[in-house]
Amino acid sequence: MGRSFVTALLLASCSAFVVSPASAETLRMAYGTAPVSADPYPYSDTQTGSLAEHVFEMLVGLDDAPLLATEWEWDSPTSMVFKLREGVNFSNGAPFVARDVVYSMCRMMYRVDGRANVVTSALGPVTNVVAVDDHTVRFETTAPYPIITQKLKFLKILSAEAAGVEGDITFDQDGDCGLVDAYPSQADFDTGSAAIGTGPYIYESFQSTGDADLVRNENYWGELPEWDRVEIRSVPNNGARIAGLLAGDYDIVERPSAEDLQVIERDENFDFSTVPGLQTMFIVLDTSADGAGGVTAADGSNPLADTRVRQALSMAIDRNAITERLFAGNATPASQFAPSYMPGAPAMPDLVTDLDQAKALLAEAGYADGFALELNVPADRYTNGPLVAQAITQYWTRLGVDVTLRTEPWSVFQTRRTEGEMGAFMYGWGHPQGAAQLISGAFAQRNDDLGLGAANFSNYNSPAFEEAMQAWAVEVDPARSQELVAEAMKQAVADMPGIPLYYNHELWAHRADIELVGGAEGRTVATMARSK
Amino acid sequence: MSASMSEPGLRRLEPFRAIFRGYPAAAAGLVGVVICALIALLAPVLAPQNPFNQNELDIMNGLLPPMGEMMDGSVSLLGTDAVGRDILSAVMYGMRTSLLVAILSVSIGMVVGVVLGLVATMRGGWVDAIIMRAVDLTVSFPGVLLALMLLAVFGSGVDKVIFALAIGIWAQNARLVRAVGLSEMKKDYIAAARIGGISDLRIMFHFLLPNAISPVLVILPMAISGAIVAEATLSFLGVGVPITEPSLGLLISNGNDYLLSGRWWISVVPGLVLVLMVLSINVVADRLRDHANPYLQAKG
């Protein structure tokens, strides 16, 4: 018995010895929302994307830099040719070739149970994808489609061989491609059998709770990341996440609150990193003359149909107070419907805060006695969302508007929003696809051929804005495209079919001995961290 | 002393005083209940700020510590929360909401429960079966879970919270009244009344009700404190009252995010008040129950 005890002790000390250096190279990250699946196709939320980014890669990187494609150009107004990177292998050993791109496009276009994938609709104008040779792919489109590379940033490349697909693949627009039986199911991804990518990490396990373990892909074509093992845990509770960091359970936690940063700042063992983000927070106003949900005026009209009323609502808001008091500076006051600091965003003057002028505008529009408005805000979606909503309620009450603030869970909010029941609601919109993403989606008239107005809840309809947007949608020249964005943006800010509020900054709290360079998309990935 | 006993007002209070004489904890609880009720009633007069009036709030006054100075030069005794609500005022108004919700939901639950319990007793048969199965169904859900489900369907708001809590409360009252009522039904006076041709309705409300109501009245204060806690739980979970009109539970929930960073007053103050209020009611309720139970009384 004594001997076995000593053996056990020896074993224990051995394993302790083995474990400690290994754990030093393990990176433990806590996400704020659980990734839905290891399947990179159906879900567009940030965390599912962050997780997938470890394992899968795209032709074009999120930063517009070459990734699996090394170069691309238009060889005719309706076809773009990509040169693919050579010497890249999938984690199952299969070489990455043009066929894999065709296969991935087929899968992207294929709707399982009628459900679109991340960019199924956005890639609708693509009529054909042809593997010219092993390392050349041609995308053909109905009309000039200049923003195709922006959309292809969301096409994660899968391995055709891993799915058991052999020979040439013929693309068709509904993604059938004769491959329907070969497409792996979501379960195949979650168990790992189909989760074969070219990325720097390989799945070890994925749990339905959103927890995932990853190991380094030792055959990765690019620079090997520092961490040979990554453990991702999903901790939706803000306090629990930061407490986990302080307790040493995690190395990096995403989205600490402004309050959490106060704790981090006082502790020399921890630090935080921030980067101005790509999300614009704004309030959508229903400008429809027939009335807007929850908005009532004495004379039965919809006050929000009047541009002066919308400008007054904007002018009553003190954006600096919101970003300074509620975000402790970790947000930037908005001046337009895209982060003013992002590439391609036009230069715009700051928005004015002037309560007296706002009151005068309201009176001029015939609403000197105000009107009643219901402001809808998701309770659990945006950082400080309910606080910001309360601040806006204060400002608008001071303007003389009778505001009822309605907060509800995201799922309920989403349903009511889709049904068009909201005359005024707060929303956040990311811009990974360029500075015109918000205005082209939320304010343009719906046009599926041009990919415009998919979420126009404002019912905004301005001929000048419309003209600029439609010209932008088919403009191939980058300089002219930027001019058109500026034109449309100026028109939208002048008319205010929505009210820009602020741009969220992305935040991470982490161990002080880790150096972190986060991307503006706010994705939490192991490759952005290295030890000091 | 005998002079004061002859005062008619005091004499009427005498049995009530007797209940608490010799029970200092219960007496202190009673004082607590009275203070809470007074603060809740007089909040608009007492509170330095109306925290429900958006015109009186300003985020520039946000997160002031206790004794912090507001922009208009006044002093916030217990500090402010992130949107500039004065915590002292918010707690006073929050008590108002908490008590209002609790008293109304318990009253509705009690009236509905007692009436249905009496109907089940009188009618018997399938009416009894239907009512009692509905009771079984209702009590088989945990109260807060039931309220959560109802609020998810009907949306949030003070009126809906009252309704959701009342649904959890009626069932226990109905069951209690029926249990007592059934034993009363066997007694001679009911039989006599029936033979005398007195209508069912009259028997129900004039004979049965006075004799079956006392156990319901005994659990009443306990039900109120339970409803206060349930409302706080719902608001803490974010499905209760609107965020612009916080109750105690919502104030605690709001302050939760600020605890780690040392801004304790936002949740600790409403938390303490909630504890004291519920404790006071419970102590009083305990005493009332003991008093009403002759067995316990005999044991002393």
Query raised in the report: Any idea of the accessible area per residue across the stretch B:220-289, 1.4 Å probe, to the nearest Å²?
Result: 36
Query raised in the report: From the Cα gyration tensor of the stretch A:312-452, with a ≥ b ≥ c the square roots of its eigenvalues, which class applies: rounded if a/c is under 1.5, or else prolate if a/b is larger than b/c, or else oblate?
Result: rounded
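How big is the shadow of the Cα convex hull of the stretch A:222-321, averaged over all directions, in nm²?
Numbers: hull surface 48.0 nm².
If I average the Cα hull's projected area over directions, I get 12.0 nm².
Which shape class applies to the stretch B:168-235: rounded if a/c is under 1.5, otherwise prolate when a/b exceeds b/c and oblate if not, where a ≥ b ≥ c are the square roots of the Cα gyration tensor eigenvalues?
prolate
Can you list the DSSP H helices in chain A whose Cα atoms extend at least 18 Å along the helix axis and whose mean Kyte-Doolittle hydropathy is -1.0 or higher?
Counting only whole DSSP H runs, the qualifying helices are A:2-24, A:385-399, A:478-495.
Of the accessible area of the stretch A:388-522, with the probe set at 1.4 angstrom, what percent is carbon plus sulfur?
Working: 2270 of 4700 Å².
Here it works out to 48 percent.
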Report summary line: Tilt, helix B:214-236 to longest principal axis of chain B (alpha-carbon atoms), in degrees rounded to tens, equals 30
Query - Crossing angle, helix B:87-123 versus chain B [Cα axis fit, 0-90 degrees, rounded to tens] - result: 20
**Report entry** For chain B, fraction of C-alpha pairs farther apart than 31 Å, in %
**Finding:** 43
Query raised in the report: Which of the residues in the stretch A:369-400 lose at least 40 Å² of accessible area when you go from the chain alone to all protein chains together (probe 1.4 Å)?
Result: A:Leu387, A:Gln390, A:Gln394, A:Thr397, A:Arg398
Requested in this report: Let me know the Kirkwood hydrodynamic radius for the stretch A:106-150, please, with Cα pairs as the basis and the value in Å to one decimal.
Outcome: 11.7
Report task. Compute the distance in nm between two label points, each set 7 Å from the Cα along the Cα-to-Cβ direction, one at A:Ala347 and one at A:Val476. Result -> 3.1
Query raised in the report: What is the Cα coordinate range of the stretch A:257-390 on the first, second and third principal axes, sorted by size from largest, in whole angstrom?
Result: 61, 32, 26
Requested in this report: Pop out the carbon and sulfur fraction of the accessible area of chain B as a percent, whole number, probe 1.4 Å.
Outcome: 69
Query raised in the report: With all protein chains present and a 1.4 Å probe, how do A:Arg406, A:Arg446 order by accessible area, largest first?
Result: A:Arg446, A:Arg406
Report summary line: Percent antiparallel among DSSP beta bridges confined to the stretch A:361-497, rounded to 5, stands at 10
Query raised in the report: Spin-label point model (7 Å from Cα, Cβ direction): what's the B:His206 to B:Met149 distance in nm?
Result: 4.2
Query raised in the report: Convex hull over the alpha-carbon atoms of the stretch B:65-168: what's its volume per residue in Å³?
Result: 116
Query - Accessible area, probe 1.4 Å, largest first, for residues A:Trp410, A:Trp472 - result: A:Trp410, A:Trp472
Report task. Under 15 Å from a label point 7 Å along Cα→Cβ of B:Leu182: give me every residue in the stretch B:86-128 with its amide N that close. Result -> B:117-128
Query - Calculated SAXS-style log₁₀ I(q)/I(0) at q = 0.11, 0.14 Å⁻¹ - the stretch B:171-300, Debye, Cα scatterers - result: -0.61, -0.78
Query raised in the report: Just how many % of Cα pairs in the stretch A:101-194 lie over 18 Å apart, if you round to the nearest whole percent?
Result: 43
Report summary line: Note on the stretch B:231-250: residues buried by at least 20 Å² of accessible area once partner chains are added (vs chain on its own, 1.4 Å probe) come out as B:Ile243, B:Thr244
Query raised in the report: Roughly how much of A:Lys156 is accessible, in Å² to the nearest 10, using a 1.4 Å probe?
Result: 10
**Report entry** Compactness of the stretch A:141-226 as Cα Rg over 2.2 N^0.38 Å, two decimals
**Finding:** 1.33
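Quickly rank A:523-529, A:272-278 as a protection proxy: mean count of other C-beta atoms within 10 Å, highest first.
Ranked by mean Cβ neighbours within 10 Å, highest first: A:523-529, A:272-278.
Apply 1/(1 + (r/R0)^6) to the Cβ-Cβ distance of B:Ser214 and A:Asn237, taking R0 = 51 Å, and write down the FRET efficiency to the nearest 0.05.
On the way: r = 46 Å, r/R0 = 0.89.
FRET efficiency, B:Ser214 to A:Asn237: 0.65.
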Report task. With a 1.4 Å probe on protein heavy atoms only, tell me which residues of the stretch B:54-74 lose at least 20 Å² of accessible surface in the complex relative to the chain by itself. Result -> B:Gln54, B:Asn55, B:Leu57, B:Asp58, B:Ile59, B:Met60
Query - Residue-averaged 222 nm ellipticity for chain B, from DSSP H runs of 4+ at -39500 (n - 2.57), nearest 500 - result: -23500 deg cm²/dmol
Query raised in the report: Over all residues in B:75-85, what is the mean tally of Cβ atoms on other chains that come within 10 Å of each residue's Cβ?
Result: 2
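Taking 0.36 nm per intervening residue step and subtracting the Cα-Cα distance, what contour gain separates A:Ser193 from A:Asp402 on full extension?
So the extension gain works out to 69.6 nm.
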**Report entry** Cα-Cα P(r), the stretch A:419-508, percent of pairs per 5 Å interval
**Finding:** 3, 14, 24, 26, 17, 10, 4, 2, 0
Report summary line: Rounded to a whole number, the Stokes-Einstein D of the stretch B:25-110 in µm²/s (Kirkwood radius over Cα pairs; 25 °C; 0.890 mPa s) is 175
Report summary line: Mean projected area, convex hull of alpha-carbon positions in the protein assembly as shown, reported to one decimal in nm², is 50.8
Requested in this report: Can you spot the lysines whose alpha carbon is less than 28 Å from A:Lys153's alpha carbon? Ignore those fewer than 8 places along the same chain.
Outcome: A:Lys83, A:Lys490
**Report entry** Where A:Lys151, B:Lys187 fall by accessible area, highest first, once all protein chains stay in place (1.4 Å)
**Finding:** B:Lys187, A:Lys151
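Chains A and B: buried accessible surface, both sides, probe 1.4 Å, rounded to 100 Å²?
Rounded to the nearest hundred, the buried surface is 2000 Å².
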Query - Descending semi-axes in whole angstrom, ellipsoid equivalent of the stretch A:381-532, from the Cα gyration tensor - result: 30, 26, 15
Query raised in the report: What FRET efficiency would be calculated for the residue pair A:Val132, A:Asn92, taking the C-beta separation as r and a Förster radius of 35 Å, to the nearest 0.05?
Result: 0.90
Report task. Would you give the gap between the C-alpha center of the stretch B:92-160 and the C-alpha center of the stretch B:202-223, rounded to a whole Å? Result -> 17
Query raised in the report: Mind checking the angle between helix B:125-139 and chain B's longest principal axis? C-alpha axes, 0 to 90 degrees, to the nearest 10.
Result: 30
**Report entry** Inter-site label distance for B:Arg17 and A:Thr142 at 7 Å from Cα along Cβ, in nm
**Finding:** 9.0
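Specify, per residue and in Å³, the volume enclosed by the convex hull of the alpha carbon atoms belonging to the stretch B:1-158. List each step's numbers first, then the result.
Values: hull volume 36.2 nm³, N = 158.
Looking at the stretch B:1-158, the number lands at 229 Å³ per residue.
Where only protein heavy atoms count, and the probe is 1.4 Å, what is the accessible area per residue for the stretch A:242-359 in Å²?
39
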Query raised in the report: So for the stretch A:168-296, taking the charge dipole from beta-carbon charges (+1 Lys/Arg, -1 Asp/Glu), which of A:Gly277, A:Leu214, A:Trp227 sits furthest toward the positive end?
Result: A:Gly277
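The values are calculated or read from the model by the stated rules, or taken from the named source; none is laboratory data. Computed from a predicted model, the values in this text were never measured in an experiment. Heads up, the Cβs are rebuilt from the backbone with ideal geometry, glycines too, and the neighbour counts pull from every protein chain shown. Heads up: the accessible areas ignore ligands, DNA and RNA and are worked out on the full protein's heavy atoms, side chains in. Shrake-Rupley method; radii C 1.70, N 1.55, O 1.52, S 1.80 Å.
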